[in-house]
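Quick notes on the structure that follows.
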Amino acid sequence: MEALKTIAQGTLRGTTSDGVSRFLGIPYAAAPVGDLRFQVPAPAPAWSGVRDATSFGPTAPKPGYAPPFDGLLPEPAIAGPDCLNLNVWAPDQASGAPVMVWIHGGAFVNGSSAVPVYDGATFARDGIVFVSLNYRLGPIGFAYLPDAPANRGLLDQVAALEWVQRNIEAFGGDPTNVTIFGESAGGMSVTLLLSSPRTAGLFSKAIAQSGAIQAAAAPSDAALVTADFAARLGVEPTAAGLAAVDTATIVATATEFGAEFTAGLDPQRWGATVVSSAMPFIPVVDGDLLTEHPVAAFFGATNSGIPLVTGTNLDEENFFLIPTGITGFITDEIAPALAARTGAGPDVFKLYQANRPDATAGTVYSAFLTDAYFRLPALAVADARRAAGGRTWVYEFAQPDSRLGMGACHGLEVGYVFDNLYADGNDMLSAVELTDPEVRRDLANAMHRTWMTFARTGDPGWPDYDESRPVMVYAGSGGTVVNDPRGDERAIWTA
């Protein structure tokens with residue numbers, strides 16, 4: 001059934017079914033093309049008449065996932081210049097409803113709001129006004145350029161949140177009760193936005209899933225990446241230089257560059273603060289949107305009054321190591337040397353080995369990297385905010401429900417959070433036959449309900465992170481609070 005809404009830009013035509021209205025592909029900023037390609041997001045133009053909002057808008061230019069990840073993650077690609085768009089799902093007749101804004105992942109080079117598992121109908125069904133958004137990716141969104149604003153992809157996210165403040169009441173949402181949440185690069189984006197003094201008033205709560213402070217490059221390091229990338233294109237490492245290159249060439253070259261970057265991870269060549277993230281095009285501590293490193297900002301009490309839920313999955317790194325076959329090549333002889341590349345002393349990896357006496361070297365290495373790249377950054381945020389008086393809750397997703405024996409791997413919790421386990425394409429990652437359907441349903445209900453409770457009240461329902469380090473561990477049919485899980489492994493890194 002047709003649904004109409006009037007916002008600041010004009011009137012939208014969406015659809016309504018089963019008590020949920022959908023308005024898709026709404027531009028929140030002008031198309032980032034021509035002179036706007038490397039600039040701050042410009043205001044979206046108004047329109048006359050009624051604008052169709054019944055299908056997803058264009059996705060940001062991106063390469064699509066390379067094998068084997070293309071067989072695990074859906075990656076819709078929709079052509080068109082107006083990629084700075086968002087989607088709204090709202091309960092019919094909503095008024096003053098909590099708002100949740102989803103920021104997708106994809107290592108800052110992939111992803112979009114059109115992935116089927118991100119369908120917001122399940123949230124709207126349960127009384128939430130749900131928003132998802134696209135933002136500029138790869139070099140167009142994140143290459144550090146001396147003649148262009150930094151962090152253009154993050155600035156897009158800010159522009160979308162400003163749009164929410166101006167327009168969400170038209171959909172029945174409360175602009176004073178906005179929760180931002182995201183996974184992977186989306187979780188990192190949430191943490192970075194939370195650390196910025198410029199985002200005050202745009203949201204009141206935050207949830208970061210499998211992403212924290214991993215992506216915060218020093219400008220000098222980010223400039224090394226830009227110089228190397230621009231040299232491949234035969235242009236100057238500036239916005240003016242890149243402007244002479246068509247978007248398809250930029251995307252294709254960035255894909256080749258990213259593969260070489262990930263294979264080498266050379267801090268001398270590309271800078272330690274970039275290499276530590278294992279991603280070439282990431283947000284930069286530019287002194288403007290990001291005035292200092294997020295941990296320093298949190299110790300300094302930036303936005304400490306905003307409650308945060310942050311967490312990770314038990315087997316994050318399995319997603320990156322098992323499908324690629326890397327796990328099988330790691331032996332007891334080479335694993336310690338690989339672990340040393342993170343900067344950890346030899347005693348750290350030895351502890352992981354001692355705690356897993358029957359595990360293969362590849363399994364131990366995966367657990368080690370999961371902590372290095374995911375769990376420890378999340379706990380660093382929780383510790384910094386606790387020191388500054390902020391309230392933070394920590395969770396761990398531990399349900400081993402993925403294909404290829406990947407356990408509770410990266411990205412697996414998203415279907416549970418959305419209560420959307422049977423979305424098109426979600427079975428590429430989640431092996432439905434591994435878990436009893438009732439257990440899956442109960443766990444999805446528990447996580448989905450908790451995320452909404454937090455959006456409504458600012459408290460997810462378990463003790464916040466204090467000196468006893470309580471963590472809500474989700475597995476089986478629900479969650480159990482565990483104080484300082486694997487505390488010896490956590491502590492040895494900081495020791």
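Okay, residues lined up against (1) crowded, with 19+ Cβ neighbours inside 10 Å; (2) outside the structural domain of residue 115 (by TED's automatic domain parsing); (3) among the acidic types (Asp, Glu); (4) closer than 27 Å to residue 376 by Cβ:
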residue	(1), (2), (3), (4)
395	yes, yes, no, yes
407	yes, yes, no, yes
420	yes, yes, no, no
428	no, yes, no, no
436	no, yes, yes, no
457	no, yes, no, no
466	no, yes, yes, yes
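With the condition kept exactly as written, say whether any residue in the stretch 218-226 is in a helix (DSSP H, G or I), out of contact with any helix residue (DSSP H, G or I) (no Cβ under 6 Å at 6 or more places or on another chain) and farther than 15 Å from residue 142 by Cβ. Checked against the condition, which is being in a helix (DSSP H, G or I), out of contact with any helix residue (DSSP H, G or I) (no Cβ under 6 Å at 6 or more places or on another chain) and farther than 15 Å from residue 142 by Cβ, the stretch 218-226 yields at least one hit. Scanning the stretch 349-373 for residues that are under 28 Å from the mean Cα position of the chain (by Cα) and not aromatic (Phe, Trp, Tyr) returns 362, 363, 364, 366, 367, 369, 370, 371, 372. Among strands (runs of 3 or more DSSP E) entirely within the stretch 1-57, having at least 2 residues that are touching a helix residue (DSSP H, G or I) at 6+ places or on another chain (Cβ under 8 Å) and within 18 Å of residue 91 (Cα to Cα) singles out 2-7, 20-27. Kindly indicate whether any position in the stretch 4-21 is more than 30 Å from residue 321 (Cα to Cα), in contact with a Gly (Cβ under 8 Å, 6 or more places away or on another chain) and of a type in the set (A, V, I, L, M, F, W, C). Yes, the stretch 4-21 contains a residue that is more than 30 Å from residue 321 (Cα to Cα), in contact with a Gly (Cβ under 8 Å, 6 or more places away or on another chain) and of a type in the set (A, V, I, L, M, F, W, C). Assessment of the stretch 81-90 against the conditions (buried (at least 18 other Cβ atoms within 10 Å of the Cβ) and out of contact with any strand residue (DSSP E or B) (no Cβ under 6 Å at 6 or more places or on another chain)) yields at least one matching residue. For the subset of the stretch 361-392 comprising residues that are in contact with an Asp or Glu (Cβ under 8 Å, 6 or more places away or on another chain) and of a type in the set (S, T, N, Q), which member is nearest to residue 205 (Cα to Cα)? Going through the qualifying residues, I end up with 392.
Considering only the stretch 372-428, state which residues are out of contact with any helix residue (DSSP H, G or I) (no Cβ under 7 Å at 6 or more places or on another chain) and of a type in the set (Phe, Trp, Tyr). Scanning the stretch 372-428 gives 373, 374, 393, 395, 397, 422.
The values are calculated or read from the model by the stated rules, or taken from the named source; none is laboratory data. The structure displayed is predicted, hence computed values, not measured ones. Note that each Cβ is placed from the backbone with ideal geometry, even for glycine, and that neighbours are counted across all protein chains shown.
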